[in-house]
Amino acid sequence: MEIPYTVRPRPDTGLANPKLGIWLFLASEVMLFGGLFAGYIFMRLGSDPWMWPKGWLNVPVGTFNTFVLIASSVTVILAWESLKMRNLKMYKIWLFITFMCGLLFLGIKLSFEWPAKFGHFGAYIQKEVAHKYEPALGNEDRVEDGKVFDGHLKRKGYPRLFIGGHLTEKKDDPYALDASSVPFVPEANLDAVLALGKDEKDPAKKAKLLHTREVTLKGIVVRPADIAELNKEPLDPAKKKEILQRMNTIHFHKLDEANGRPYDPANDRPKFELRPQFVDSHLVLDKRDLIAGHGPLVPKLNTYLATYFMITGLHGAHVLAGCICFIYFWLPIKGGAKLFHTNPEQLCNRIEVSGLFWHLVDLIWIFVFPIFYLL
Amino acid sequence: MSDHSATVDHKADDHGHAAAHGSMFDHVKVYLIIGALLFIFTAITVALSYIDFDKIGLFIWAFDKIGVHGFAINIVIGMIVATFKVCLVGAWFMHLKQETKEIWRPLLFTFFFVTALFLLFVFAYSDPIPGSVHWHH
C-alpha cells in the first residue's frame, strides 16, 4: 500500500501528510515534556530552599553537550538543504555529522554524567567541626536568620559545588536532622541500643551484653560509662544528646547493616564507598566529622535527582530515537539514501520531518540545560 | 531574457523544487548565523548564572515590581534567554516563520495548554477545601 501525499500537498490541508503529522506529534511531545516541566516547577517551588541543590551537575560538560546539540541542529538542516540542492554527497556528510553529534551527546550522558550522579553521596557535617572546613566552605547559600544553617561544601575559589552536603542546624535543636533529608533517625537507633540492655543494671555486664549481640549491634562499642549515664533517672537530655552524637559519628557506621543504615552505600549500592573527599588541597573531609553518615543520592532519596533523571532520561531516549532515524536515512537502503535516486523529494521530506523532531529535541534541551545545570 | 527564464524553469523542473540555487546559499548563511547566535546565547546563559542579580540594585528594584525576589530573578532571566533561543530555533530551523495557518492553528492550542500546565502550580497556593493544605512554613 502506498501512503498518499508524501510529497505533494493534500488538497484539503494544503500540506504534505508527513508535515502535518509531525507537527501534531510535536504538539503532543510539547505536552508530554510540559507535564514533566510543570511537575518540576511544582516540586521546585514546594521544596524548602536548602532542599534544592545547586551546582551538582558539571557545567562545562553540560555546556559542551549543549553546543553539540545545537551544532547537530545546524548540520541536520544543512543536510536537508543539500538534499534540496540535490547534492547527495554533502547530504550524507552533514547527516553523518548530525548522527555522530547525537551519539556524542548520548555518550557523554551515559559514560560520564549519569554515572557521576549514581555515585554521588550527601555528607552532613557536625556543627562543632564546621570551622575546620570553613576555609573551604562557600556558604553563599547560608540562611542568615539562624533557623537553618545550610552550606555547600565546595572547593575554595571554585564557584561550583565539589561534593553535595548540608550543614543543618535548627535553632531550638542544634542536632535535629530533617527526617526528609536524612535517611534515618539517629534517636530511634539509640533507643534500640538502650532497649537491648534494658533489664541489665550492671553497666559492665550491659556493655558486654551489647558487645556480644553481634547480629544486631555489629562491632559497636558502647562505653560502660555511657551506659551508666544513659540509665540515670532522670536522664540529662544534654548528656544523652552528647552520647548520641558520639555514637552516631564514631560508631554509627558499624551498626547492623540492615536496620542501622538502610541507605548506607555499602548496603544500598555495594559498588560504592565513601572515600575521604579533598575539599581543598590541604583539607580532607574526615569521616568522623560527619553528623549522621552519608547517603547515596539516588532518586528515592532526592527529588532533584528524580526529576533530573526522569527529564534527561526521556530526553536521552528522544536523542536515541533521532539517531536511529538518521542512520536509517543515511544508509544506502531502499528507505534511506537509495530513495534519492528514485524519489529525492520524498527523502527530502523524510529529512525535514526527522529534522523537525530533532529541533524539538534541541529545543527541549535549551530549557533542560539552564534549569538543571545553572539555576 | 527569455533564454534566462527558460533556464530557471528547466532547473525547477529538473530538481522538483522551485527555489533557485542562489537563495539556497542565502538560507545556509541564515542557518549558520542562527547557529552562531544559539552558541553565543548559550555562553550568555552560562555567564548570567554566575551573576547574583538579587545583589544588584537595579534588578532588585525592577523585579520587585513584578513580585520576583531573590534567586528567582536569576531563574526569570535564565528563562527569558532560553525562550529567546527557542524562538530562534522555532522560527528559522523549524521554519515556523513561513509556515501556513494549518500548522499554526494546532500549535496555538499547544501553546495555550502548555502555558496552563505551567501555571497549575498556582493552585497549590490556594486552598479550595479549607484546611486540606498543610504548609511547613
Inset, instruction - Name the single residue, out of those in the stretch B:57-79 being more than 10 Å from chain A (Cβ to nearest Cβ) and surrounded by 12 or more Cβ atoms within 10 Å (Cβ to Cβ), that is modelled with the lowest pLDDT. - result: B:VAL68
Legend entry - Qualifying residues in the stretch A:43-58 (those that are assigned to a helix (DSSP H, G or I) and surrounded by 17 or more Cβ atoms within 10 Å (Cβ to Cβ)) - the one modelled with the highest pLDDT: A:ARG44
Legend entry - Selection count where residues are part of a loop (DSSP other than H, G, I, E, B) and either over 21 Å from A:GLY21 (Cα atoms) or within 14 Å of another protein chain (Cβ to nearest Cβ) (or both), scope the stretch A:313-355: 7
Inset, instruction - Would you check which residues across the stretch A:83-93 are within 11 Å of chain B (Cβ to nearest Cβ), assigned to a helix (DSSP H, G or I) and surrounded by fewer than 23 Cβ atoms within 10 Å (Cβ to Cβ) and list them? - result: A:LYS84, A:MET90
Legend entry - Residues located in the stretch A:1-40, provided they are in a helix (DSSP H, G or I) and β-branched (Val, Ile, Thr): A:ILE22, A:VAL30
Inset, instruction - Tell me, please, whether a residue that is at the interface with chain B (Cβ under 7 Å from one of its Cβ atoms), in contact (Cβ under 8 Å) with a residue 60 or more places away in the chain and at negative phi can be found in the stretch A:4-22. - result: no
Inset, instruction - Given the conditions (1) within 30 Å of A:PRO11 (Cβ to Cβ); (2) at pLDDT below 85, report the number of the one that B:PRO106 does not fulfil. - result: (2)
Legend entry - Matching option when the condition is assigned to a helix (DSSP H, G or I), modelled with pLDDT under 90, more than 8 Å from every other protein chain (Cβ to nearest Cβ) and surrounded by 15 or more Cβ atoms within 10 Å (Cβ to Cβ), among B:ASP26, B:ASP13, B:ASP54, B:ASP9: B:ASP54
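The values are calculated or read from the model by the stated rules, or taken from the named source; none is laboratory data. Keep in mind that this is a model prediction, so the values were computed, not measured. Heads up, the Cβs are rebuilt from the backbone with ideal geometry, glycines too, and the neighbour counts pull from every protein chain shown.
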